[in-house]
Amino acid sequence: MSLAGSLFAAHALLPQGWADDVLLQWDDAGTLTCVEAGLPLPAGTERVAGVLLPGLPNLHSHAFQRAFAGLTEHRSAEQDSFWSWRALMYGFAQALTPDALQAIATQLYIEMLQAGYTAVCEFHYVHHQPDGRVHADAAEMSLRLVAAAREAGIGLTMLPVLYQASGFGGKPALAEQRRFLNSVDGLLTLIGRLRHDGVRVGAAPHSLRAVPPEALRDLLGGLHGADASSPVHLHIAEQQREVDDCVAWSGQRPVQWLLDHAAVDARWCLVHATHLDAAERRALARSGAVAGLCPSTEANLGDGVFDAEAFIADGGHWGIGSDSHASVDAAEELRLLEYGQRLTKQRRNVLASAAHPQVADAMWLSAVAGGARASGRSIAGLRVGQQADLLHLNAFDDVGLSASQRLASHVFATHGTRAVRDVWVAGQRRVHDGQHAGAERAAEAFIAARTHLLEHR
């Protein structure tokens, strides 16, 4: 393929660390063909001042939930929790239309790009009409998300969700869950349709409480029989009640049960995994699976704090997601992850490493690597063979700082200004000077969709 684009960065964060005077070139597929440091500026090549980072993958998103972010912050039960929040969420899910979903997702994906995410794993479970009937095109809702991602210009891994039960042991689904339900064959057909349309696709058995063991077995067999590399994402151990219910059902904790009953490996992303004992944590790390951490949502829902320090010490891989989109800010997710460790351990700079003593450097590189693994796509940083997903930070107030200090300032110091200046996905600039070309149109459609949902939930 021919050379399609190039940039010259004064400072760039490569997988091994910071480098100066870096030339990046990519082909017409958006794949990096050259990443070389210490070069003079080639004639005719755009030079970016400030710092250039690999774009962050967002490994966990429920796009429709962006429409009610901030609207559930009132007490709806004597002891408010994830479970009372879920009841409010069902009301919004029932009112969702295909047009509204596309409008909400387009707005969300533009916000992600402006906040430093260049890819998203969409964990999608609102498949059907409000009464549970299948749309004339069973892929209707999934295809609306694909269209939104293409309009925004963000990279996408679609994860259609298998949902069959309301609790462990195959408890019958609730009426408010009927939009989510699918047979294994129905979901595999949907996945095949998306794959045929050129979408990077995996599968998301929703959770152990929502997917009986035989359905999980059949889904994995069908998924990996068609594409052995397909990613698998699963909610697990998010809430202590979930752990207790799993023990009552099986005699085992959720991660323990999963590791004993499925071939969990590097294709897997276990979302949240908040409540692990030491044996589960070590076994999960050995499996190569990614822990999908969503600190802003986990804080918003009162889930608890994942022991990231111990998991990393065990050799575990992790990435970040914005989940329910109470916050859409890549830097804030990293900040909250580190601050959660500080609050529980009463120490600072917990997630720094020997190789990267600057905690922001260590976290950014780890989140890129883990997010790429979870997405099943070649987006693992600024190196040849990976996609040209790039993030340029605004140098407005960074004069006199080193590249590493600039990133640390971006992650750990916020002063009301947006630091993300330019964003490229597969070599295509999607955000320029902090602006996305489709932002105004998307915002208008989003407001109309949210208004509809508030009126009809």
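Charge tally for Leu259 (other residues, Cβ to Cβ under 15 Å; Lys, Arg +1; Asp, Glu -1): +1. Coupling constants for the stretch 173-186 follow from the phi torsions by the Karplus curve (6.51 cos²θ - 1.76 cosθ + 1.60, θ = phi - 60°), and in residue order they are 5, 7, 4, 6, 9, 5, 6, 8, 7, 8, 7, 4, 4, x Hz; glycine and proline get x. Cα centroid separation, the stretch 22-42 to the stretch 195-231: 36 Å.
As a proxy for reagent exposure, ranking Asp323, Asp137 by other Cβ atoms within 10 Å from fewest up yields Asp137, Asp323. Here the chain is assigned +1 on the Cβ of each Lys and Arg and -1 on the Cβ of each Asp and Glu. Its dipole about the Cα centre then comes out at about 260 debye. With θ taken as phi - 60° and the Karplus curve 6.51 cos²θ - 1.76 cosθ + 1.60 applied, the whole-hertz 3J(HN,Hα) list for the stretch 297-313 is 6, 4, 6, 4, 8, x, 6, x, 10, 6, 7, 5, 4, 5, 5, 5, 4 Hz, x standing for glycine and proline.
List Cys294, Cys246, Cys34 from most exposed to least, where exposure is judged by having the fewest other Cβ atoms within 10 Å.
Going from sparsest to densest Cβ surroundings: Cys34, Cys246, Cys294.
A cut-off of 5 Å between modelled amide H atoms, ignoring neighbours fewer than 5 places along the same chain, links Ser61 with Cys121, Phe123, Asp323. With the Cα gyration tensor of the stretch 1-46 giving a ≥ b ≥ c as the square roots of its eigenvalues, does the rule (a/c under 1.5 for rounded; else a/b larger than b/c for prolate; else oblate) give rounded, prolate or oblate? Judged from the Cα gyration tensor, the stretch 1-46 comes out oblate (a/c at least 1.5, b/c at or above a/b).
Under 5 Å between amide hydrogens, built in the peptide plane, is the criterion, and for Leu393 it picks out Val51, Leu53, Arg421 among residues at least 5 positions away or on other chains. Would you give the gap between the C-alpha center of the stretch 415-447 and the C-alpha center of the stretch 297-371, rounded to a whole Å? What the calculation gives is 25 Å, centre to centre. For the chain, DSSP calls about 45 percent of its internal beta bridges antiparallel. Dipole magnitude for the stretch 24-128: about 220 debye, using +1 per Lys or Arg Cβ and -1 per Asp or Glu Cβ, origin at the Cα centre.
With neighbour counts taken as other beta-carbon atoms within 10 Å, the residues Thr414, Thr274 rank, fewest first, as Thr414, Thr274.
All of the numbers you see were taken from the coordinates with simple rules; none came from a lab. Computed from a predicted model, the values in this text were never measured in an experiment. Reconstructed Cβ throughout: ideal geometry from the backbone, glycine too, with neighbour counts over all protein chains shown.
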